[in-house]
Amino acid sequence: MNRIVAITVLTALVSSPVFACSKPGAPAALPNGASASKEEMLAAKKAVDAYKVGVEEYMVCEKNTAKQDVAQAELLKVADRFNVEVRAFKAKG
């Protein structure tokens, strides 16, 4: 009986899908804050926020420090670009 249970558990472990960490893709484009509508900026904010959450989840899953550093650097680059557009959007009044 113990052998059957052990074989069943081992089979389940071997046949279960392997969950790999997958780095999320950055938002394809950000609107030009100087000419974007409020709706476009809000949609971009949602996309950037979703990307941030995806990167945070990836960093918990990924154990390779170099890959974590790359993901963190890309997130900061996207956040900086978005902040530039937000300032341009606010400047237009």
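The values are calculated or read from the model by the stated rules, or taken from the named source; none is laboratory data. Just so it is clear, the model here is predicted, and its values are computed rather than measured. In this analysis, Cβ positions are derived from the backbone assuming ideal geometry, glycine residues included, and neighbour counts consider all displayed protein chains.
Structure summary
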{"item": "Residue count, the stretch 56-75 (criterion: surrounded by fewer than 16 Cβ atoms within 10 Å (Cβ to Cβ) and assigned to a loop (DSSP other than H, G, I, E, B))", "result": "2"}
{"item": "So residue 78, is it part of a helix (DSSP H, G or I), aliphatic (A, V, I, L, M), in contact with a Phe, Trp or Tyr (Cβ under 8 Å, 6 or more places away or on another chain) and modelled with pLDDT of 95 or more", "result": "yes"}
{"item": "Search result, residues across the stretch 7-48 that are modelled with pLDDT of 95 or more, farther than 30 Å from residue 60 by Cβ and not in a loop (DSSP other than H, G, I, E, B)", "result": "38, 39, 40"}
{"item": "The stretch 49-60 residues that are on the phi < 0 side of the Ramachandran plot and in contact (Cβ under 8 Å) with a residue 24 or more places away in the chain, paired with ones that are of a type in the set (D, E, K, R) and surrounded by 12 or more Cβ atoms within 10 Å (Cβ to Cβ) (beta carbon under 6 Å, 6 or more apart)", "result": "58/23"}
